[in-house]
1. Find the relative contact order for segment A:1-73 and round it to a whole percent, using C-alpha pairs within less than 8 Å whose residues are 6+ positions apart.
2. In whole Å, largest first, what are the principal axis extents of the Cα atoms in chain A?
3. Out of segment B:31-113, which trypsin sites (Lys or Arg not before Pro) are coil in DSSP terms and have no more than 13 other C-beta atoms within 10 Å?
4. Which value in nm describes the separation of the simple spin-label points at residue A:69 and residue A:17, placed 7 Å from the Cα toward the beta carbon?
5. Across 10 Å bins from the origin, how do the percents of Cα pairs in chain B run, short distances first?
6. Only Cα pairs under 8 Å and at least 6 apart count here; give the relative contact order of chain B as a rounded whole percent.
7. About the Cα centre, and with charges only on the beta carbon of Lys, Arg (+1) and Asp, Glu (-1), how big is the dipole of segment A:23-112? Nearest 20 debye, please.
8. Only Cα pairs under 8 Å and at least 6 apart count here; give the relative contact order of segment A:24-112 as a rounded whole percent.
Amino acid sequence: EDQVTQSPEALRLQEGESSSLNCSYTVSGLRGLFWYRQDPGKGPEFLFTLYSAGEEKEKERLKATLTKKESFLHITAPKPEDSATYLCAVQVLKAAGNKLTFGGGTRVLVKP
Amino acid sequence: DSGVTQTPKHLITATGQRVTLRCSPRSGDLSVYWYQQSLDQGLQFLIQYYNGEERAKGNILERFSAQQFPDLHSELNLSSLELGDSALYFCASSPFGQGEGYTFGSGTRLTVV
């Protein structure tokens, strides 16, 4: 069974204090790994898609990387507006349709 | 605004009742997905439709059903509601049936009392 585990569950940062979130996955064959940001009471907002080990993508203060077993979301010099829950999800090969299997998320709080 | 529209935003109903949640996908998107998010289970895939046909099914209860109409909007029907069905229900859409991420709506918060 496909599994996605995110750590830590929660992260408290001071503004400007860089950190990394981990997403480890066990799947039969990875089609893609996705990062989403979710604010309270709202739908997940797409951030990145990574398809192969070694791939990296950046957007403002966020950078996502991928290996064969895990992905990291690096937050550089975070600001209070980066406070949110960050969700990792995988899509697998040989699966009918296009479902995403999500991890439990990491709640990030950035204090000024 | 993501372009995916869900109604209603909030719904409070009693146990044993039936409700219908509605989703309009982004313009041009053929696939619609339904997810359930509860505090203890996280985001769980329920079902996917592609251009009117069921494409994939997740852990969707038999009390739940969905359909996608010719104009591509979708409805999720929940019947014989139980307290444990209280959750956020999200709809998402994507252009095709496979191989890419997708855009979520803002959700319907269902409270069963």
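1. That works out to 27 percent.
2. So the extents along the principal axes, rounded to whole Å, are 45, 31, 20.
3. Counting only loop positions with at most 13 other Cβ atoms within 10 Å, the trypsin sites (Lys or Arg not before Pro) in segment B:31-113 are B:63.
4. 2.8 nm
5. Cα pair-distance distribution for chain B, in percent: 16, 51, 29, 5.
6. Relative CO of chain B lands at 37 percent.
7. Taking the Cα centre of segment A:23-112 as origin, the dipole is about 200 debye.
8. Numbers: 174 pairs, mean separation 26.5, N = 89.
Relative contact order comes out at 30 percent.
Since every read-out is calculated from the coordinates, none of them should be taken as a lab result. Since the model is a prediction, treat every value here as computed from it, not as a measurement. Positions of Cβ are generated from backbone atoms using ideal geometry, with glycine treated the same way; all protein chains shown enter the neighbour counts.
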